[in-house]
Structure formats: structure tokens, C-alpha cells
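This report refers to the structure that appears directly beneath it.
We did not get these values from a lab; they are worked out from the coordinates using the rules stated. Because the structure is predicted, anything quoted here is derived from the model rather than measured. Reconstructed Cβ throughout: ideal geometry from the backbone, glycine too, with neighbour counts over all protein chains shown.
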Amino acid sequence: MPFLTSALRKTRETLDIYWVLVRITVPIALLTELLSRMGVIEAITPAFAPVMNLVGLPPELGLAWLTGVLIGIWGAVPLIFTLVPLSSLSVADVTIFSALILFAHALPIEQKIIQQAGPDMIVTTILRLAGGLLYGFLLHQIFSVTGWLSEPVDPAWIPISATPDWIEYLWGLAETMVWMFIILVTLSWGLDILKATGILGLLMKALSPVLRLAGIRGEAEHLTAVGLFLGISYGAGLLIREAQSGAVSPRQIFLSCVFMGFAHSVIEDTLIVLALGADIYSVLAGRVVFAVVATAVIAALLSNLSDRTFFTRMFRRNPIRAEG
């Protein structure tokens, strides 16, 4: 019975989130399709060419990437196969694009949450964007040299694709919205099951040695693990409370937020892009490894900063207690 009550509560919460996503996603998808049919998308894609060329993607996907950065993963997903025909995309293409939006999505919302914990919003936003582009660039180089994942993508789920008929397009968009709700509810229930069975707790405990490699220690380990598995809203939300209490040092809060920016919500977000045809090793294992290494490098650089520089440029809250 407690589980049923929790599941119903979770479904109501998911429905609230879903309606927010519908109000954002549907107008953007319709506007993008209209602009595409008018030739506007084709005209503006050269502006995205430099960034997309860096990671080996068609410039048309730049608009989907920008939408993901500003709105979120669900804002980008319906645009992918609308902007670029499915037949012209490889597994490598979808994997690289998925990596980009996994690193940096919904930045106005998520970065505002991180800012409340203390880290400077501009600094952490730049780190997320740069980290995603660097990881995408590394994947592009690996795929280009080895030929790995060069086969045509075969997604388990096609959110929506370009069609010459408006009726078919609208029907496809409606189907996408239905599947979006089903996926969201399934994922929320699945996370509840992992919590109830204790599996999620075991995963968080097992992650502790890995986080220490990244320079994250003490209470910050648990909070970072929460963000890794459940998302920034949970992990950074808890960090806000700990920052106010002084239980976690400002530098550890900063490193935790940096790590979560690189890798968070790895269960839910990863399953979404896997359904699009992305490679699991690249978007999950590789992403976490990159997050550990990159955060460790940042931790080493951070250790050389004086408290004055740190609190002036990296951490905007008045420190509760400083550390050398």
C-alpha cells in the first residue's frame, strides 16, 4: 500500500511536469516544422556550422542542440529526425548529439538551482557547455579514426520525422506526446522501485570511491551521488541546504556541482537517448569517466586558488567557513 500511494503521488507529479513539457515542446515543434517548410531553417543553419563541424554533426542539428540547451532534452528530442532525415544519420551522429544534450540541457533552470548552492552561474554554465563540446569532439575523433558506430542508426523510438503532409505530421506529434508521457511515468516508477528495493542506495554507496578520484569527499559524496542518479534538482537541492548549514565546505560544493553538471540523472536521461539509437558505452560509461577525470583536473586547479580568488570569481555566496 505505501508503494501504491507513492506511485500515485509520483504519477501526479509526473503529470504536472508533463503538462509543462507539452506547453513548451508542442509550440517549438510546430514552429520548427513551419520554419523548415518556409526554408528559414535551411537559411540559418550555416550559423551553427562551426560548432556542429567541431563535433562532426550536420549543421541542421544545431537548432535542436540550442533548443536542448535552453529548454531541455524533451525540447530537443522531437526535432532531431525532423531537421535531419533518419536515413542520413549514423549511430555515431546520434551518440555525439546525445552526448551534447546530456551534458548541457535546460541550462536556465538547472544553472539557477546550482547558483542557489553557491557556485557562480556563469562559470558553471561555461564548464558544462565546454565539457559537452570537448566530449563530443573526443567522440567524433574516436569514431572518425576507428570507423566505430558508422552504421545507419536504427532507433527503437522515432519521436517524429519530417513528412510532406501536415495531417501526418500533427498525428506523429500527438503520438510523440503520448509516448513522452508513458516514458516519463515508467521512468518515475522505475526510480521508485530502485529506491524501495535498496538498489539505488547500493549504487550510491558503490560510487563513493569513484567520486573520491574526482576530488569529492565527505558528505558531498552522497549528495553528488543523488544528483548523478536522480538529477540536479535533487542533488543541488540538497547541497543548498548543506551550504546554508555549513556542513559541506564551499570548495566541495563547487566540485560537486561541477561533477553533476557533467553527469546527472544518468538513469532517466540515458534511457531516453538509448531509445533514439545512441551507444550506451559512450553516453553512460564514457560520460561518467569524463566527468570523473574533468572534475579531478578542476579540483587540482582549484587547490591552487586562494580563498580570495575563489570567493570572488567562482563562488558567489559569502563563505560560511573557508578552507585553504
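How many of the residues making up segment 159-182 are under 21 Å from G277 (Cβ atoms), of a type outside the set (G, A, S) and surrounded by fewer than 17 Cβ atoms within 10 Å (Cβ to Cβ)?
The total comes to 5.
Looking at segment 28-44, which of its residues are over 18 Å from G72 (Cα atoms) and surrounded by fewer than 18 Cβ atoms within 10 Å (Cβ to Cβ)?
L34, L35, S36, R37, M38, G39, V40, E42, A43, I44
I need the full set of residues from segment 63-82 which are surrounded by 24 or more Cβ atoms within 10 Å (Cβ to Cβ) and under 15 Å from A99 (Cα atoms), in order please.
The answer is A64, W65, T67, G68, W74, A76, V77, I80.
Criterion first (aliphatic (A, V, I, L, M), touching a residue at least 24 places away in the same chain (Cβ under 8 Å), farther than 23 Å from F259 by Cα and surrounded by fewer than 17 Cβ atoms within 10 Å (Cβ to Cβ)) does A156 satisfy it?
It is true that A156 is aliphatic (A, V, I, L, M), touching a residue at least 24 places away in the same chain (Cβ under 8 Å), farther than 23 Å from F259 by Cα and surrounded by fewer than 17 Cβ atoms within 10 Å (Cβ to Cβ).
Which of the helices (runs of 4 or more DSSP H) found entirely inside segment 36-121 contain at least 3 residues meeting this: without any contact (Cβ under 8 Å) to a residue 40 or more places away in the chain?
40-44, 49-54, 61-70, 107-117
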